[in-house]
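Each reported figure results from applying straightforward, stated rules to the coordinates on display, with no laboratory input. None of the values given here were measured: they were computed from a predicted structure. Note that each Cβ is placed from the backbone with ideal geometry, even for glycine, and that neighbours are counted across all protein chains shown.
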Amino acid sequence: MKQDNKNRDDDALVFRIAQLFIGERAENLSPTDIAEQVTREFRRQPALSREMIYPLIAQAVRRGFIRLVPPISQQLVEQVSARYPLL
């Protein structure tokens, strides 16, 4: 049970970092600002550093919190190429 709670807490932390890094960039938060804010919000000890933000963004991608979707024209090209590889 403790592991489930840890994973949920970890998911929340990773998501919040991704949200601040990408979703709220209009606020011009630097990675240092994000580390400080998340450290306060989650009462993290030891505190997060600017350098710790980047691997957590990669973690957000692996967990499916961030997904890149290509423009429809690129999707169509890829689908046609996959279906008709000799074209």
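GNM remark for the chain: springs join alpha carbons under 10 Å apart, and the peak mean-square fluctuation among Val38, Val14, Val69 falls on Val69. Put a plus charge on the Cβ of each Lys and Arg, a minus charge on the Cβ of each Asp and Glu, and nothing anywhere else: the dipole of the range 16-60 about its Cα centre is then about 160 debye. When only the Cβ of Lys, Arg, Asp and Glu is charged (+1, +1, -1, -1), the dipole of the chain relative to its Cα centre reaches about 240 debye. Here's how it looks for Leu48: its modeled amide H is under 5 Å from those of Thr39, which are all 5 or more places away or on a different chain. Can you show me the helix-derived [θ] at 222 nm for the chain, built from DSSP H runs with n ≥ 4 at -39,500 (n - 2.57) apiece and divided by the number of residues, rounded to the nearest 500. Result for the chain, helices only: -20000 deg cm²/dmol.
Sorting the segments 74-87, 52-65 by their residues' average number of neighbouring beta-carbon atoms within 10 angstrom, most packed first, yields 52-65, 74-87.
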